[in-house]
Amino acid sequence: MASFAPRPIPSPLHLRLAVVGAGAAGLVAARELRREGHGVVVFERGASVGGTWVYTPAVESDPLGTDPARNIVHSSLYKSLRTNLPRECMGFLDYPFVPRGSGGDARRFPSHEEVLRYLENFAEEFGLIESIRFRTEVERVEREVDGKRWIVKSREVGGGGEKKREVYDGVVVCNGHYTEPRIAEISGIDAWPGKQMHSHNYRVPEPFVNQAVIVIGSSASAVDISRDVARLAKEVHIASRSVTGTVPAKVPNYENMWFHSTIERAERDGSVVFHDGSLVYADVIIHCTGYKYYFPFLETNGVLTVDDNRVSPLYKHVFPPQLAPSLSFIGLPWKVIPFPLVELQSKWLAGILSGRVKLPSEEEMLKDVKADYQRLEMKGWPKRYAHNFSDCQFEYDDWLAEQCGLPPVEDWRKEMYVVASKNKVVRPELYRDEWDDDYLVEQAYKYFESLV
């Protein structure tokens, strides 16, 4: 299904722009920038489009991935992963995520292979492949001495890869944030004799046959991985901040899986003690504890910092005020429907770079950033939640749409997200295959038909 949505009139201002990453954010950013008539080069370290949606059985040499310099595996997918969002609301606004052709996965909550196929189709349909340099890693991004343009140093991945030094009018950072692991701090863990790993390096449950496994976290990956491992493990114990009980609770429908409070300490004898007072002798701890924003290639001379996983200062989570609009970030927010959000961010960015949409002054942008941080503090949120959009994603999306002269995000899409989230709580084991919102699916497909 092709989209014939109105496109912006190409700007007479022709810029040469570098996009770092060819995942969902990088692809839609490249499309929107090309639509404006800009020259775009997309740098992709891997051999294909898709970013984090490219599955590989390969894992890091360090199961915890604590040394970023040694981490070479971009994907964090596990083999059994299916989306936790319905495909109808998950896709780009003007390119529906509907079953295409034969041989795909037509389920509402499809496999990761189906998402990758969707992104591959998107790249092909909009002619983006010609703009991508595959197997090319960005090693350094820095401003020229006069501060007007950006120097991008890159190299071909592989033995003796060619190195290049080029100058661009702007750089769009789309390198994702599911690669560099965050690890839980556990008292006594250095002396604990068991194994540890981060979910970034989890692929299949077979290595955990007949083992006692602790899974730390309550995110989507923690839920999925704990269930996956429980099929073969002797025991699975889930340690989560969201558990407030004073005793372990058995997970419904499982005979070998329990909820616990957070871990208090680990002991030399192989035991792990939880704050609920329970004790478990475990073979493995899997940290499903999220990821860090990481931009090792970017040099801003201290203008931009990452402090407790807050990238700052960023106006509307996209532009560093002092470097705007020539440096931008697409796709930092989390707890969102990512594809529509990065599409709207990209449309806004493209309009600004073409001069059709105006940014406030640097002073006004910094004032807005400060106000945003004050709102977080009033809610009692730590810095690491700065890009958590669990309570504001649609307000943000609609603001971006308004800036671009577009209508708000569709009501059916917003409602479908809310309904699916509630269904996940009611049917944690079955929400991907049982639902009560067929009326929203019908509305979605009527909308899709209007795009043709």
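The values are calculated or read from the model by the stated rules, or taken from the named source; none is laboratory data. All values derive from a computational prediction rather than experimental measurement. In this analysis, Cβ positions are derived from the backbone assuming ideal geometry, glycine residues included, and neighbour counts consider all displayed protein chains. Please note that ligands, DNA and RNA were not included when accessible areas were found on the heavy atoms of the full protein model with its side chains. Shrake-Rupley method; radii C 1.70, N 1.55, O 1.52, S 1.80 Å.
Brief remarks follow.
- Phi angles across segment 29-45 convert, under the Karplus curve 6.51 cos²θ - 1.76 cosθ + 1.60 with θ = phi - 60°, into 3J(HN,Hα) values of 4, 4, 4, 5, 5, 5, 4, 7, x, 7, x, 10, 10, 9, 9, 10, 5 Hz, Gly and Pro given as x.
- SER154 sits among other residues whose Cβ lies under 11 Å from its own Cβ, and their net charge, with Lys and Arg +1 and Asp and Glu -1, is +3.
- Environment charge of TYR385, counting only residues whose C-beta is closer than 15 Å and scoring Lys/Arg +1, Asp/Glu -1: +4
- Farthest positive-ward along the chain dipole, Cα basis, beta-carbon charges - from THR66, GLY158, GLY104: GLY158
- Among the trypsin sites (Lys or Arg not before Pro) within segment 125-167, those in coil by DSSP and having at most 12 neighbouring Cβ atoms inside 10 Å are LYS148.
- The aspartates and glutamates whose alpha-carbon is closer than 14 Å to the alpha-carbon of LYS234, local same-chain residues fewer than 8 away aside, are GLU206, GLU255, ASP283.
- 3J(HN,Hα) along segment 363-374, derived from phi through the Karplus expression 6.51 cos²θ - 1.76 cosθ + 1.60 where θ = phi - 60°, amounts to 4, 5, 5, 5, 5, 5, 4, 4, 5, 5, 5, 5 Hz, with x in place of Gly and Pro.
- Cα extents for segment 105-183 along the principal axes, largest to smallest and rounded to whole angstrom: 53, 40, 30.
- Within the accessible area of segment 66-157, the carbon and sulfur atoms contribute 46%, probe 1.4 Å, all protein chains present.
- By the rule of a C-alpha distance below 20 Å, with chain neighbours fewer than 8 residues away ignored, the lysines paired with LYS163 are LYS153.
- Accessible area expressed per residue, segment 123-250, with surrounding protein chains retained (probe 1.4 Å, Å²): 49 Å²
- Accessible area (Å², 1.4 Å probe, nearest 10) - THR244: 130 Å²
- Across the accessible surface of segment 364-445, with the other protein chains kept in place and a 1.4 Å probe, carbon and sulfur atoms take up 54 percent.
- Residue (of VAL419, GLN374, VAL441) at the positive-pole extreme of segment 356-441, dipole from beta-carbon charges: GLN374
- Taking 0.36 nm per residue of separation and subtracting the Cα-Cα distance, full extension of the segment from ASP308 to SER242 would add 21.7 nm.
- Distance from segment 430-452 to segment 345-365 (C-alpha centre basis), Å: 34 Å
- Residue-averaged [θ]222 nm for the chain, counting only DSSP H segments that reach four residues, each worth -39500 (n - 2.57): -8000 deg cm²/dmol
- Candidate aspartates and glutamates for bridging to LYS379, where Cα separation is under 13 Å - those fewer than 8 sequence places away on the same chain excluded: ASP391
- Net lengthening on full extension, LYS148/LYS422 (0.36 nm per residue, minus Cα-Cα): 93.8 nm
- Think of each Lys and Arg Cβ as +1 and each Asp and Glu Cβ as -1; about the Cα centre, that makes the dipole of segment 219-296 roughly 180 debye.
- For segment 193-280, the carbon plus sulfur part of the accessible surface works out to 52%, probe radius 1.4 Å.
- Probe 1.4 Å, accessible area per residue of segment 275-335, Å²: 36 Å²
- Estimated vicinal HN-Hα couplings, Hz - segment 387-393 in sequence order (Karplus 6.51, -1.76, 1.60; Gly, Pro = x): 9, 7, 9, 4, 10, 8, 4
- Relative contact order for segment 307-452: 23 percent, from Cα pairs under 8 Å spaced at least 6 residues apart, divided by residue count.
- Sequence of VAL209, VAL311 from largest to smallest accessible area, 1.4 Å probe: VAL209, VAL311
- Multiplying the residue separation of SER102 and LYS164 by 0.36 nm and subtracting their alpha-carbon distance yields 18.2 nm.
- Projected label distance in nm at LYS379 and GLU402, using a 7 Å step from Cα toward the beta-carbon: 1.8 nm
- For the chain, averaging the sequence separation of C-alpha pairs within contact (under 8 Å, six or more residues apart) and dividing by the residue count gives a relative contact order of 17 percent.
- Note on ASP269: accessible area approximately 90 square angstrom, rounded to 10, probe 1.4 Å, nucleic acids and ligands left out.
- Top positive-direction residue, dipole computed over segment 253-396 with Cβ charges, set ASN309, HIS260, PRO321: PRO321
- Between SER450 and ASP62, the FRET efficiency estimated from the beta carbon spacing at R0 = 60 angstrom works out to 0.75.
- Within the assembled protein chains, the solvent-accessible surface assigned to ASP307 is about 60 Å², based on a 1.4 Å probe.
- Cβ-based net charge around PRO408, under 12 Å, with every Lys or Arg adding one and every Asp or Glu removing one: -4
- The magnitude of the dipole of the chain, with charges of +1 and -1 set on the Cβ of Lys/Arg and Asp/Glu and taken from the Cα centre, is near 600 debye.
- Where GluC sites (Glu not before Pro) fall in DSSP loop in segment 398-436, at most 11 other Cβ within 10 Å: GLU434
- Estimated FRET transfer efficiency (ASN121, ALA69; beta-carbon r; R0 35 Å; 0.05): 0.50
- Point-to-point label distance, ARG182-GLU395, nm (Cα→Cβ direction, 7 Å offset): 2.2 nm
- Within the chain, percent of DSSP bridges classed antiparallel, to nearest 5: 45 percent
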